[in-house]
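Laboratory data are not the source of any read-out in this text; all were calculated from the coordinates shown. These figures come from a predicted structure and were not determined experimentally. Positions of Cβ are generated from backbone atoms using ideal geometry, with glycine treated the same way; all protein chains shown enter the neighbour counts.
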């Protein structure tokens, strides 16, 4: 994967440099009040963020992983209108965060929830962080982790 990222960085940098030069030269030739000028200024104002992945191999070229993670929330948005209250919405957000974190740690969310619910009633409040998904993942044998 790192070789692929390196390859993307190597090939993208000259193209991005050319695009940057084109944006600057085009901006100088169009009306400052035009929609095109506005779009170019928008792109240039975010140029550092757009090209960050070219200089830092830890940065992804896109945010597809995040988009996939929040897709469930976006799909169910209308259902959340009926959470009952702001507190109900907050609780739902907490559950989404916990289950999403479980998935990111390679843990089956249902197994994680079962594990937590079996322990939480008698658990000391000052040690509740031990019930977080990554601690559950540490206790599982490698073959039980979800890919």
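Side notes on the structure shown:
- Equivalent ellipsoid semi-axes - Cα gyration tensor, the chain, angstrom: 44, 23, 12
- Helix 35-45 and the longest principal axis of the C-alpha atoms of the chain enclose an angle of approximately 60°.
- CD proxy at 222 nm, helix term only [per DSSP H run n ≥ 4: -39500 (n - 2.57); per residue of the chain; nearest 500]: -20500 deg cm²/dmol
- Fewest-first sequence of 73, 116 by Cβ atoms within 10 Å of each Cβ: 73, 116
- Taking the C-alpha atoms only, the angle from helix 86-104 to the longest principal axis of the chain is near 80 degrees.
- Evaluated on the range 2-55, the Kirkwood hydrodynamic radius is 12.2 Å, with distances taken between all distinct Cα atoms.
- Taking 13, 33 and counting other C-beta atoms within 10 Å, the order from fewest to most: 33, 13
- For the range 69-144, the Kirkwood radius over C-alpha pairs fed into Stokes-Einstein at 4 °C and 1.567 mPa s yields D = 94 µm² per second.
- Ranking of 123, 112, 96 by count of other Cβ atoms within 10 Å, fewest first: 123, 96, 112
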